[in-house]
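A.B. asks: Take a look at this one; I'll ask things after.
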Amino acid sequence: MCRKWSGGPLLAVDCQTNVEIFGEEHVAVFDSSDWAERGFCSKCGSHLFYRLKETQQYSVPAGIFDLPQEVKMTHQIFIDEKPGYYDFANETRNITGLELVTEFSGE
């Protein structure tokens, strides 16, 4: 889903529920699955967030922020669905789709 939405891997910052949106009248939300939705700017189409419905936890595309050089990618999710045409050089925690769903469902 993220590859279709972003054209490649979605590099995002986990913002938990600590998100404040200015200009909310310009934000459109797409119900992308039973458990998540995606927000984008209704004026320019920029991707703004991926939000879990149950917890209201946000993941925001990293490119939106001016992040310091020392920021590191710490984990990859849905690693079992990653295509073979790219690999990241740094070591990360790799989480399958089933592991992720289990983690968020509290099972």
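A.B. asks: Which one is nearest to LEU10 (Cα to Cα) among residues in the stretch 79-107 that are in a loop (DSSP other than H, G, I, E, B) and at pLDDT below 90?
C.D. replies: GLY106
A.B. asks: In the stretch 7-19, what residues are open to solvent by less than 70 Å² (accessible area, probe 1.4 Å), under 14 Å from LYS82 (Cα atoms) and either hydrophobic (A, V, I, L, M, F, W, C) or over 10 Å from the mean Cα position of the chain (by Cα) (or both)?
C.D. replies: GLY8, LEU10
A.B. asks: Could we say that TYR50 is surrounded by 11 or more Cβ atoms within 10 Å (Cβ to Cβ), of a type in the set (Phe, Trp, Tyr) and either in a loop (DSSP other than H, G, I, E, B) or under 17 Å from the mean Cα position of the chain (by Cα) (or both) here?
C.D. replies: In short, yes.
The values are calculated or read from the model by the stated rules, or taken from the named source; none is laboratory data. Predicted model only: the values in this text are computed from it and were never measured. Neighbour counts are summed over all protein chains in view; Cβ atoms, including those assigned to glycine, are modelled from backbone coordinates with ideal geometry. Surface areas here come from the heavy atoms of the whole protein model, side chains and all, with no ligands, DNA or RNA. Shrake-Rupley method; radii C 1.70, N 1.55, O 1.52, S 1.80 Å.
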